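Here is the structure we will look at.
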Amino acid sequence: MKNLKYSTQTISKKDIANVSKVLKSEFLTQGPKTIEFENKIKLLVKSKYALATNSGSSALLLACKALSLKSGDLFWTVPNSFVATANCGILCGLKIDFVDIDPDTWNISIDNLEKKLKKAKKRKKLPKLIIVVHLGGLPANPLRLKNLSKKYKFKIVEDASHSFGGKYYYNRVGCSKWSDITVFSFHPVKIITTGEGGCCTTNQKKYYEKLKILANNGITKETKNFKFKNLGPWYYEQHSIGYNFRMNDIQSTLGISQLKNLYSFLKKRNKIAKIYRDYLKNLPIKFQKIEKNIYSSYHLFIIKLDVKHKYLHRKFFNYLRSKNIFVNLHYLPIHLQPFYRKFGFKKNQFPVAEEYGKTAISIPIYPNLKRKEQFKIINLIKSFFNKYVK
């Protein structure tokens, strides 16, 4: 049996042909394809603005920078995410704290958040920013979060790296109806890919203008924004410090091509997820809880061991890997990483996220996963529990 990864890219002959075509064109960077890709994204998610970037991590950093928070301001996020979610705030000079996750959805616990906000208000240490993560493709509850942001005056960034194509009450993730900026990732394992790549969407022009300049080394070429006299067609101005976080036309062309298959990709992922849920439901495992009116993009299919056994998680992981099923953990708790322990974070501070990190495993899900391969995975999982869990 071939190696089956927890996720992998799905590249068609048309994708290859389209990328080959742009390689023969006049523009490889800063050409028309990136603008076209951005326009297609904002049309899809129904946001006013979209800015494509060279990675999801870059998009997160730009989002934090664009909000113009002050050095030392406090931001909160969840412990069970990729470290880039936390790193972006640190790189902007912000101070970090975490909010524990919901034991059923594995997204941010809005109840815990509300309690923590009430305590923080009394201490006059409220956050200026919450970065919410849509784990595995499941949108967190944006409406409750937005209502809290109005009450406690914090900004919201959606880390929707997992959730391109997801929906909340018929609204696509990225519409930014309930947040200031939404961030996507187009890494190869994500819903669509541009190789590496990311995107920010927003409905606020002031944020979009900042994002655009920051991603382009702090430079603007738009005459309406010039501070001084336009000295000629070559003229440009640097208005701030910035980065080279632009997406190139090669990446954008692949993204445009991939978008044509988005609905097919989402349908296949949801079909695979349903089969897992149907055939594994009688085992001692938990699935991510999905409320009505929420549509997950199923970047990941996470199962959580629902049995007390000290070494079972490691044994289960090693067993599947030994059978060429390349499962993974998403994620180790950020606050327990050596770097973040320097800020005083310790074990048992966020018990739900820590317990999740000891019991969760992502099993294969991607559009090209064949039915016979999926049932091979299902049968191996059943065999493991029959052998080791009585």
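Here are the numbers for this structure:
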| item | result |
| --- | --- |
| Output for the range 160-178, where each listed residue is open to solvent by 10 Å² or more (accessible area, probe 1.4 Å) and either polar (S, T, N, Q) or not in a loop (DSSP other than H, G, I, E, B) (or both) | Ser161, Lys167, Tyr168, Asn171, Arg172 |
| Tally of residues being over 23 Å from Asn107 (Cβ atoms) and assigned to a helix (DSSP H, G or I) across the range 318-341 | 8 |
| Which listed residue, of Ile272, Ile213, Ile250, is more than 19 Å from Ser58 (Cα to Cα) and either at pLDDT below 95 or assigned to a helix (DSSP H, G or I) (or both) | Ile272 |
| Within the range 198-210, considering residues that are touching a residue at least 60 places away in the same chain (Cβ under 8 Å) and part of a helix (DSSP H, G or I), the one most open to solvent (accessible area, probe 1.4 Å) | Lys205 |
| Residues located in the range 179-191, provided they are buried (at least 24 other Cβ atoms within 10 Å of the Cβ) and of a type in the set (A, V, I, L, M) | Ile181, Val183, Ile191 |
| Candidate set: the range 144-159, residues that are closer than 30 Å to Ile363 by Cα and free of Cβ contacts under 8 Å to residues at least 40 places away in the same chain; chosen: the one surrounded by the fewest Cβ atoms within 10 Å (Cβ to Cβ) | Leu145 |
| Residue match in the range 234-253 (condition: surrounded by fewer than 18 Cβ atoms within 10 Å (Cβ to Cβ) and among the β-branched types (Val, Ile, Thr)) | yes |
| Failed item in (1) over 22 Å from Ile108 (Cα atoms); (2) part of a helix (DSSP H, G or I); (3) in contact with a strand residue (DSSP E or B) (Cβ under 8 Å, 6 or more places away or on another chain), with Asp278 passing the rest | (3) |
| Residue check for Leu126: outside any strand (DSSP E or B) and open to solvent by less than 10 Å² (accessible area, probe 1.4 Å) | no |
| Single condition Ala140 does not satisfy, out of (1) of a type in the set (A, V, I, L, M); (2) buried (at least 22 other Cβ atoms within 10 Å of the Cβ); (3) not in a loop (DSSP other than H, G, I, E, B) | (3) |
| Pair list, Cβ under 9 Å, 6 or more apart: the range 258-274 residue without any contact (Cβ under 8 Å) to a residue 60 or more places away in the chain, other residue open to solvent by less than 10 Å² (accessible area, probe 1.4 Å) and hydroxyl-bearing (Ser, Thr, Tyr) | Asn270/Ser296; Asn270/Ser297 |
| Subset tally (residues that are out of contact with any Lys or Arg (no Cβ under 9 Å at 6 or more places or on another chain), surrounded by 13 or more Cβ atoms within 10 Å (Cβ to Cβ) and among the aromatic types (Phe, Trp, Tyr)) for the range 254-285 | 2 |
| Test: residue in the range 43-58 that is open to solvent by 70 Å² or more (accessible area, probe 1.4 Å) and not in a helix (DSSP H, G or I) | yes |
| Subset tally (residues that are under 30 Å from Ile361 (Cα atoms), open to solvent by less than 40 Å² (accessible area, probe 1.4 Å) and touching a Ser or Thr at 6+ places or on another chain (Cβ under 9 Å)) for the range 64-96 | 9 |
| Leading residue by the ranking (nearest to Lys33 (Cα to Cα)) among those in the range 1-22 that are touching a helix residue (DSSP H, G or I) at 6+ places or on another chain (Cβ under 7 Å) and assigned to a helix (DSSP H, G or I) | Val22 |
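The values are calculated or read from the model by the stated rules, or taken from the named source; none is laboratory data. Computed from a predicted model, the values in this text were never measured in an experiment. Note that each Cβ is placed from the backbone with ideal geometry, even for glycine, and that neighbours are counted across all protein chains shown. The protein model used for the area step is the full one, side chains on, heavy atoms only, and it has no ligands, DNA or RNA in it. Shrake-Rupley method; radii C 1.70, N 1.55, O 1.52, S 1.80 Å.
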